[in-house]
1. Across region 122-138, which residue is surrounded by the fewest Cβ atoms within 10 Å (Cβ to Cβ) among those that are assigned to a helix (DSSP H, G or I) and free of Cβ contacts under 8 Å to residues at least 60 places away in the same chain?
2. Select, from I18, I7, I84, the only residue that is at pLDDT 90 or above and surrounded by fewer than 17 Cβ atoms within 10 Å (Cβ to Cβ).
3. Looking for something farther than 28 Å from I11 by Cβ, under 13 Å from the mean Cα position of the chain (by Cα) and part of a loop (DSSP other than H, G, I, E, B) - is there at least one such residue anywhere in region 104-111?
4. If you go through region 31-64 one residue at a time, how many are in a helix (DSSP H, G or I), surrounded by 17 or more Cβ atoms within 10 Å (Cβ to Cβ), touching a helix residue (DSSP H, G or I) at 6+ places or on another chain (Cβ under 7 Å) and not small (G, A, S)?
5. Taking L100 as meeting all but one of (1) without any contact (Cβ under 8 Å) to a residue 60 or more places away in the chain; (2) aliphatic (A, V, I, L, M); (3) assigned to a loop (DSSP other than H, G, I, E, B), write down the number of the exception.
6. List every residue pair whose Cβ atoms lie under 8 Å apart, where the two residues are 6 or more positions apart in sequence or sit on different chains, the first residue falls within region 48-69 and is within 30 Å of I7 (Cβ to Cβ), and the second residue, located anywhere, is of a type in the set (K, R) and surrounded by fewer than 24 Cβ atoms within 10 Å (Cβ to Cβ).
7. Can you pull out the residues in region 93-121 that are modelled with pLDDT of 95 or more, touching a helix residue (DSSP H, G or I) at 6+ places or on another chain (Cβ under 8 Å) and surrounded by fewer than 17 Cβ atoms within 10 Å (Cβ to Cβ)?
Amino acid sequence: MENKRNIKSLIMGIILFILTAGLAVGVQTVFYACEHKTDAGMWMACHWAQMAVFGAACAMAVTALALMIVKNNKIKLGLAFSLIPMSVYTALIPNTLINLCMKTDMRCHSVMKPAVIVISILIAVVSAVYLIANKNEE
């Protein structure tokens, strides 16, 4: 029974790591924000939102990795709990905490923002499920 719980905990930790690392890599490669201005060589405002999401996602990936490595259940619960506000913060970065482009048909609004919000919500949900599933373990 104990081994079954450890495997369940490890699988959820792996899922959280994949989601967080996927967000970090994805925001840089697949659902990145707008390119720099070709006429002036300057970055658009949305670039800084992308960089903030990247940093937050890297921090969450390290937390998810620690969740898989640490043996103490109470520390694991604390790590899983910390992922919830971190993911909510990350979801709020594009266009709430950091403004995106003025035109709503730009890539940052149509690709980056929805992807960041969806993945961040998934991270929060999986973290909450982890907490519920492991709250009574010692």
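The values are calculated or read from the model by the stated rules, or taken from the named source; none is laboratory data. Keep in mind that this is a model prediction, so the values were computed, not measured. Don't worry about glycine lacking a Cβ; one is built from the backbone with ideal geometry, like all the others, and counts go over all protein chains shown.
1. Taking region 122-138 and keeping what is assigned to a helix (DSSP H, G or I), we get 122-134.
With the extra rule that they be free of Cβ contacts under 8 Å to residues at least 60 places away in the same chain, the set shrinks to 124-125, 128, 131-132.
Numbers: A124: 19, V125: 13, A128: 15, L131: 17, I132: 10.
In this case the residue turns out to be I132.
2. Values: I7 fails: at pLDDT 90 or above; I84 fails: surrounded by fewer than 17 Cβ atoms within 10 Å (Cβ to Cβ).
Among I18, I7, I84, only I18 is at pLDDT 90 or above and surrounded by fewer than 17 Cβ atoms within 10 Å (Cβ to Cβ).
3. Of region 104-111, the ones farther than 28 Å from I11 by Cβ are 104-111.
After this cut, where a residue has to be under 13 Å from the mean Cα position of the chain (by Cα) as well, the list is none.
No, region 104-111 has no match at all.
4. The number of residues fulfilling the criteria is 6.
5. With (1) without any contact (Cβ under 8 Å) to a residue 60 or more places away in the chain; (2) aliphatic (A, V, I, L, M); (3) assigned to a loop (DSSP other than H, G, I, E, B) applied to L100, the lone miss is (1).
6. From region 48-69, the pairs are L67/K76.
7. Residue satisfying the conditions is I121 alone.
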